1. Please sort 320-331, 83-94 by packing, taking for each peptide the average over its residues of neighbouring beta carbons within 10 angstrom, highest first.
2. Taking θ = phi - 60°, what integer Hz values does the Karplus form 6.51 cos²θ - 1.76 cosθ + 1.60 yield along the stretch 272-278, in sequence order, with x for Gly and Pro?
3. Name the long-range amide H neighbours of ARG141: under 5 Å, sequence gap of 5 or more, or other chain; modelled H, no Pro or chain starts.
4. Listed here are the pairs LYS291/LYS340; LYS298/LYS323; LYS202/LYS341; LYS186/LYS340; LYS185/LYS209; LYS298/LYS322; which of them are more than 24 Å apart at the Cα?
5. How much length is gained on full extension from GLU155 to THR94, taking 0.36 nm per residue of separation minus their Cα-Cα distance?
6. For a quick size check, give me the Cα extents of the stretch 270-326 along its three principal axes, largest first, whole Å.
7. Between LYS173 and SER275, what length in nm is gained on full extension when 0.36 nm per residue of separation is reduced by their alpha carbon distance?
8. Can you pull the one-decimal nm distance between simple spin-label points at VAL76 and LEU129, each 7 Å off the Cα toward Cβ?
Amino acid sequence: MNYKLRNTLTYYVHKVDLRIFLVFSTCILIGLLLLYYKYSKQKECNQINFEIIAENNQVGESIKFKDLTPGAKNWVWDFGDYTEKKKDQYPEHTYENPGTYIVTLHVNGTCKLQKTIEINPGDRITDSLKIPKIVVPSVVRVDEPLDIYYEYIGEAFSWEWSFGESGQMDSTKEYPVYSYSLPGKKRLTLVINGDMTHIASKDIIVIPKKLTAEMYKTYKENFKNKNKIVYTLPPGKTQKDPFEEFLESIPFQPMESSSKKSKTKTENTSAPSISENQFELLLLDVSKQTKTMEDFGKYTCNNYEFPVIHNNEIITFSEFCKKIKNKKIKIKSLRLVKNKKNCIESIILRCKIKKTRK
């Protein structure tokens with residue numbers, strides 16, 4: 001029986017043309033290569049991502065789009081409103097009508113990602129030059145006199161200031177001085193020449209004179225007593241760190257980078273990334289006087305007055321740099337809190353500062 005089967009197989013093998021065998025093998029090889037190519041492209045496209053940066057999501061607002069895809073070389077943006085597509089990495093776009101739009105990003109000609117954006121009606125900004133710019137620090141202490149300035153293109157003959165504490169108009173002076181009596185987040189508003197359609201606003205954080213050990217302990221205990229489920233991120237899409245949300249509930253936590261009193265315009269680009277270990281090394285260099293506070297400018301967007309929660313007190317970053325100058329410090333833990341532009345806006349730090357070097 002085996003002898004007969006062997007003769008049958010030998011017969012059919014001799015009958016098969018070698019060319020048919022080669023064609024069949026080539027087809028299998030091509031199929032495997034296509035399968036590998038498809039898998040590698042799918043893996044690459046899984047990393048595609050972009051960010052939508054908008055303050056009010058309303059008609060007439062200039063909305064920024066930022067690609068976050070590693071290794072991206074070319075981009076095609078479709079904003080879903082039948083307008084011309086853009087090929088920049090960080091484009092800006094203005095929607096003319098309210099509604100829900102699907103934003104599509106094509107990367108490297110093969111990868112695609114879609115996100116939806118809701119555009120609210122809002123008031124159209126007909127002339128952005130008519131909106132004044134309030135120039136104040138974003139962090140100030142209770143009872144500390146605050147000098148308030150503004151920038152405006154045009155002739156101003158009346159001013160209506162509200163400092164966000166009394167709930168009404170507080171001053172009609174051009175450059176008022178004000179001291180806050182209570183800590184918390186305050187919103188300053190300015191109306192020039194009675195033009196209510198171009199109101200300027202600026203958020204400011206008023207911090208206590210000093211964060212006492214009792215206050216620090218209270219915040220710490222409140223955090224520990226929170227339900228652990230609330231502070232656990234479920235698997236899935238990237239979400240905001242719940243610890244940062246908790247920090248934002250603390251009165252002295254700033255919500256945005258401050259503007260200098262100088263008339264230097266802040267660039268709308270993102271700050272470069274820096275790890276907490278790298279930041280720690282820079283602080284050690286400040287203590288050795290081989291670096292200065294200004295060396296942090298590109299990471300803090302040139303803001304040096306944001307709060308540093310240092311052990312049981314809170315001080316500004318500029319004060320902290322002066323405090324560690326020519327001192328020996330040992331950092332136990334360091335946490336950086338950044339805003340949407342990747343600018344560092346607060347630091348949580350535990351360290352020991354030893355007496356002055358000789």
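The values are calculated or read from the model by the stated rules, or taken from the named source; none is laboratory data. Predicted model only: the values in this text are computed from it and were never measured. Methodologically, a virtual Cβ is constructed for each residue, glycine included, from the backbone with ideal geometry; neighbour enumeration extends over all protein chains shown. We work out accessible area using only protein heavy atoms, side chains counted, and drop any ligands, DNA or RNA first. Shrake-Rupley method; radii C 1.70, N 1.55, O 1.52, S 1.80 Å.
1. 320-331, 83-94
2. Once rounded to whole Hz, the list reads x, 7, 9, 7, 5, 5, 5.
3. ILE207
4. LYS291/LYS340
5. The GLU155-THR94 span can extend by a further 19.1 nm.
6. For the stretch 270-326, the Cα spread along each principal axis is 30, 23, 18 Å.
7. Here the answer is 32.3 nm.
8. About 3.8 nm separates the two model spin labels.
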